[in-house]
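What follows is a short report on a single structure.
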Amino acid sequence: MESTRMHSTDSLFNNKKPQSRCLVISLGIGCIAMFVIGILIGRFATCPDEKPAERPGLFLPGVSEALVSNGDPLIRDELMNSISSDRIRENLRMLTENPHLAGTDENHQLALKLKEHWEDVGLDHVTLTPYRVLLSYPNMNDLNYVELLDENNGTAYKSNLTEPILTQEENKTNVVPPFNAYSAPGDIYGDLVYVNYGRVEDYIYLEQNKSINVSGKIVFARYGKIFRGDKVHLAEKRGAIGVVLFSDPEDVTDGDINQVYPKDWWLPPSGAQRGTVYIGDGDPLTAGYPAIDTAYQKLSPDEYLPGIPCHPIGYGIAIHLMRNLGGGAVPQNWQGGMNVTYRFGDGFRTTGWRAHIKVSTSNKNVTVYNAVGIIRGSIEPDRYVLIGNHRDAWVLGALDPSSGTAIMMEISRVMGQLVKSGRWRPRRSVIFCSWGAEEYGLVGSTEWVEHYTKSLGARAIAYLNVDIAVQGNFTFRALGTPLIFKSLYEATKKVPNPNATEISEGRKTVYDTWMKATPWEEFQRPLITLPGSGSDYAPFRDRLGVPVVDLRYTWDNRLKLSAYPMYHSVYETFYLVDEIMDRGFHYHKAIGQIWTEMARDLADSLIIPFNVSDYSSVITDIGRTFMESFRQLMDTNGIDTALLDDAIANFTIAVEQFESQMQKANLKDPFVVRRINDQLMQLDRAFLDPAGLPDRKLKRHILFAESTVDNYAGSRFPGLSDALTKIKLGEDVENQWQTVRKHYSVILFTFQSASATLKDVSDFMFSY
């Protein structure tokens with residue numbers, strides 16, 4: 001059929017007259033000419049001349065102007081105004097219906113609920129990532145306790161096995177009784193020695209002023225000042241055979257033990273603080289690598305797990321132990337808030353009495369799950385802004401961590417629905433992270449960082465953490481590393497003050513009250529504290545060199561509190577938050593708005609909003625503070641401290657030059673934009689030492705880490721500080737000086753390398 005039609009057509013053309021063919025050709029040429037003329041007229045009549053000067057830099061035809069533009073500024077207000085207090089409240093009610101200890105089915109079920117929520121609100125991809133890790137639990141058929149035995153070995157006093165129910169919210173199944181995770185099991189008998197907070201200085205006082213040694217004794221220490229794991233470690237190093245930790249009324253009440261929960265937010269006598277005593281991050285048996293199916297698990301961990309039993313109690317139990325202690329009365333600064341004379345112990349008032357600790361806690365391999373939800377970036381999907389919060393709680397966890405989880409659910413709803421509607425998509429990817437086992441030692445987040453260390457190391461911009469969103473309602477507070485300061489300050493200036501009274505007094509924003517409550521006098525800004533290792537931001541800073549921040553509302557720092565009073569007790573309930581701490585959830589909403597705006601700012605800004613001069617200012621400040629403590633000691637031992645002064649000064653010059661070049665940069669060139677952003681991302685990473693800090697190989701940031709004597713507190717120049725502090729204490733002095741000299745050279749070299757990352761490629765020379 002096809003060949004027949006071709007033949008027929010050829011015949012038609014062959015039969016036309018020559019004049020007709022010429023006419024057809026002429027008409028065709030004319031039409032083409034008119035079409036070309038029309039295009040030219042349209043082009044020059046309606047389009048202005050496109051001169052290179054009007055679009056400087058690299059022009060890529062067909063590429064959207066969005067490639068070199070900031071995000072839509074109107075989205076900021078829509079996102080912030082969409083955060084709902086009521087929705088946060090309902091999220092929290094759901095999250096606190098049942099206990100959800102790490103490694104339990106209840107915690108897994110919450111992960112599935114989060115996954116479903118993120119899929120419903122429009123996130124692009126959601127996944128659960130499992131890890132097989134070593135956790136710790138008490139034997140529910142043989143519960144832990146402390147008792148006093150009389151001279152006939154009879155029980156003179158025995159502690160409660162559980163916390164009594166004070167409201168129906170605590171009347172739940174699967175409530176784990178007070179215990180310290182990773183405590184060694186054991187039946188321990190002996191004398192009690194009261195050691196105040198169990199810090200290094202407390203032991204020095206006992207040894208030098210009272211000739212009391214805790215070797216072979218049971219240590220009796222109050223919670224507060226330092227991380228509980230450090231208390232146990234310090235006791236074990238000094239030969240103690242067991243530890244009893246107690247919450248003291250001085251640290252968890254206002255002095256009136258009748259006005260406590262459920263009347264107020266103060267801890268009742270029956271409340272006890274659970275918590276891990278593991279000093280380390282991540283699964284204890286797979287340090288440095290993820291606990292996936294193919295992982296090699298060591299028989300024993302590299303990092304510290306106690307070799308002695310430890311048990312926590314409330315002050316309703318502790319007073320029975322204290323009133324029976326012998327020994328002299330303690331000094332006034334060791335006297336706590338119990339209505340009894342505090343004594344050193346090292347014996348009891350009645351001859352022949354002794355203490356007994358029974359701990360049945362044991363370690364167990366279980367599977368924990370991280371839930372991760374992703375909104376893909378429209379232009380730079382390979383750059384990640386991470387929003388994180390842990391999901392596991394010791395019991396109901398209305399504050400720690402469910403207040404943060406409730407807000408993160410709301411942020412994901414607001415962002416997800418805007419993406420789902422097609423009205424917004426961030427320039428860079430936003431990743432929501434719900435960690436499965438933070439309470440045991442940052443296990444979930446650390447395993448994830450170890451699992452995806454190559455991708456995150458190359459692509460993560462910042463990690464924004466909210467663990468406890470509201471631990472008070474006095475003022476905002478933040479822990480953070482310097483590059484994040486700018487975005488945080490700007491966000492708090494945009495969020496309305498949740499306290500109506502303060503607004504009437506002229507403090508209209510969160511920033512205003514923050515500045516009044518905790519001014520950073522030297523920098524004329526609110527104080528941002530360098531973080532220790534108290535939450536999931538730590539592995540991002542320590543392993544990856546990613547800028548981090550931890551946000552929350554907190555109490556008046558004039559109160560003598562080591563933590564919010566209900567910390568890790570069974571009484572941390574929805575009722576506590578809803579009726580006592582944040583009626584109306586106004587402070588939760590403010591944290592949600594700050595968190596949202598920071599994420600949007602980091603994800604949508606053309607140039608990542610990092611202020612490198614903040615970095616040099618903080619380094620100058622911590623260098624000065626460090627030298628105030630150690631300059632004389634170093635100089636008198638032949639270490640030239642002027643070299644560090646010079647390194648900091650040279651880094652400051654490099655920062656100033658970089659900022660000057662940024663002012664002249666052509667931001668219409670997408671390659672220039674990418675180069676600047678890469679340099680900004682590399683700055684914090686430039687201060688990583690792949691060999692790690694001395695004796696802490698998995699802590700790689702030479703400027704910031706937690707203190708070795710308090711896991712909660714941040715440390716400046718941690719490798720040097722650790723070694724020099726040991727030298728001052730007379731510990732292993734010769735070896736520590738070798739450590740100081742070696743690590744000092746590493747620091748000087750690292751400053752040189754970090755300065756080089758800020759230089760333009762054309763200026764960078766591969767020479768000393």
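The values are calculated or read from the model by the stated rules, or taken from the named source; none is laboratory data. What you see is a predicted model; the values in this text were computed from it and never measured. Here Cβ is always computed from backbone atoms with ideal geometry, including for glycine, and neighbour counts include all displayed protein chains. Accessible surface areas use protein heavy atoms only, side chains included; no ligands, DNA or RNA. Shrake-Rupley method; radii C 1.70, N 1.55, O 1.52, S 1.80 Å.
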Candidate set from the stretch 199-225 (those that are in contact (Cβ under 8 Å) with a residue 40 or more places away in the chain and buried (at least 23 other Cβ atoms within 10 Å of the Cβ)); member that is nearest to G328 (Cα to Cα): F220
Restricting the stretch 563-578 to residues that are within 17 Å of V277 (Cα to Cα) and open to solvent by 10 Å² or more (accessible area, probe 1.4 Å), the residue that is modelled with the highest pLDDT: Y567
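What about W394, is it surrounded by fewer than 24 Cβ atoms within 10 Å (Cβ to Cβ), part of a loop (DSSP other than H, G, I, E, B) and under 31 Å from the mean Cα position of the chain (by Cα)? Outline the logic, then answer.
On the way: surrounded by fewer than 24 Cβ atoms within 10 Å (Cβ to Cβ): no; part of a loop (DSSP other than H, G, I, E, B): yes; under 31 Å from the mean Cα position of the chain (by Cα): yes.
No: the conditions fail for W394.
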Tally of residues being among the hydroxyl-bearing types (S, T, Y) and either touching a residue at least 40 places away in the same chain (Cβ under 8 Å) or assigned to a strand (DSSP E or B) (or both) across the stretch 450-469: 2
Selection from the stretch 320-339 of residues that are open to solvent by 30 Å² or more (accessible area, probe 1.4 Å), assigned to a loop (DSSP other than H, G, I, E, B) and either in contact (Cβ under 8 Å) with a residue 12 or more places away in the chain or among the polar types (S, T, N, Q) (or both): R323, N324, G327, G328, Q335, G337, N339
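Among the listed residues S403, S429, S487, S412, which satisfies the condition of being under 27 Å from N174 (Cβ atoms), touching a residue at least 24 places away in the same chain (Cβ under 8 Å) and not β-branched (V, I, T)? Write out each step before concluding.
Numbers: S429 fails: under 27 Å from N174 (Cβ atoms); S487 fails: under 27 Å from N174 (Cβ atoms); S412 fails: under 27 Å from N174 (Cβ atoms).
The unique qualifying residue is S403.
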Hits in the stretch 151-172 - residues which are surrounded by fewer than 15 Cβ atoms within 10 Å (Cβ to Cβ) and either aliphatic (A, V, I, L, M) or over 21 Å from F246 (Cβ atoms) (or both): E151, N152, N153, G154, L161, I165, T167, Q168, N171
Test for Y296: is it surrounded by fewer than 19 Cβ atoms within 10 Å (Cβ to Cβ), part of a loop (DSSP other than H, G, I, E, B) and at pLDDT below 95: yes
The stretch 450-464, residues that are surrounded by fewer than 23 Cβ atoms within 10 Å (Cβ to Cβ) and closer than 27 Å to D105 by Cβ: H451, Y452
So D256, is it without any contact (Cβ under 8 Å) to a residue 40 or more places away in the chain and surrounded by fewer than 22 Cβ atoms within 10 Å (Cβ to Cβ): yes
Residue count for the stretch 340-369, restricted to those that are of a type outside the set (A, V, I, L, M, F, W, C) and assigned to a strand (DSSP E or B): 11
Yes/no for E447 being assigned to a loop (DSSP other than H, G, I, E, B), touching an Asp or Glu at 6+ places or on another chain (Cβ under 9 Å), crowded, with 24+ Cβ neighbours inside 10 Å and among the acidic types (D, E): no
Boolean, V175 is surrounded by 15 or more Cβ atoms within 10 Å (Cβ to Cβ) and part of a strand (DSSP E or B): no
From D536, D542, D550, D467, residue being crowded, with 21+ Cβ neighbours inside 10 Å and over 30 Å from S247 (Cα atoms): D542
Whichever residue in the stretch 666-695 is under 21 Å from the mean Cα position of the chain (by Cα) and not in a loop (DSSP other than H, G, I, E, B) and, among such residues, is farthest from P482 (Cα to Cα): L693
